[in-house]
Structures are given as C-alpha cells and as structure tokens.
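Worksheet: one structure, shown below.
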Amino acid sequence: MNVIGSNEKTSNKGIPATSRNGAPVETVALLKHCLEFAIKANEKKLYPFDSVNTASGKKLTFKDWSDRIKKSFEKNFWITGENNKDA
C-alpha cells in the first residue's frame, strides 16, 4: 500500500505512488474482515484461537473486538459536508 517511487527519469523517486488519505479506513475494514474470518474458522474448529490478550492483560474475544469496530466505524469514518472540505 505504501509504494514509494524509485525512478529518477520520471521524477517520482521518493514520492508515494498513491495518496494515503484513505489508509486508516482501509486498514480498519481489513481488520474487521480478518476478525470475521477468524471467528468463523474458530466456530468450525479450523482455528484454535478465539481471542487475544490486551496490553493490560485482559482477554478480548474476536467477537467483542469486531463488535467494537462495528459500533464505532461510522462515528470515526463517516464524512459529512461539515467535515469534508470537498463536499
């Protein structure tokens, strides 16, 4: 996702090939998809894990993590006319 140009002839050396403006939403959406995949694989006994331990030592299930993302996704990524300079 973060390809840096390397061609001096085309004057793109050291310049990102694409804008990274959408990277956070893409990354969170990918995480949500991966969590859903892990949940289903665990339910089918194809993946032995159903959670992670947080830095504070608490167990966070993939289901709870996925639900947290779902609950906060629009609040954090929805662009309205008020906060979108291009709208």
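Here are the numbers for the structure shown:
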| read-out | value |
| --- | --- |
| Residues satisfying the stated conditions in the range 22-76, i.e. surrounded by 11 or more Cβ atoms within 10 Å (Cβ to Cβ) and part of a loop (DSSP other than H, G, I, E, B) | Gly22, Tyr47, Asp50 |
| Of all residues in the range 50-83 being within 18 Å of Val25 (Cβ to Cβ) and of a type in the set (S, T, N, Q), the one that is modelled with the highest pLDDT | Ser66 |
| Odd one out for Thr18, checked against (1) exposed (fewer than 11 other Cβ atoms within 10 Å of the Cβ); (2) outside any helix (DSSP H, G or I); (3) within 19 Å of the chain's Cα centre (by Cα); (4) modelled with pLDDT of 75 or more | (4) |
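The values are calculated or read from the model by the stated rules, or taken from the named source; none is laboratory data. It should be emphasised that the depicted structure is a prediction, and the values quoted were computed from it without experimental measurement. Counting neighbours? That spans all protein chains shown, and the Cβs are built from the backbone with ideal geometry, glycine included.
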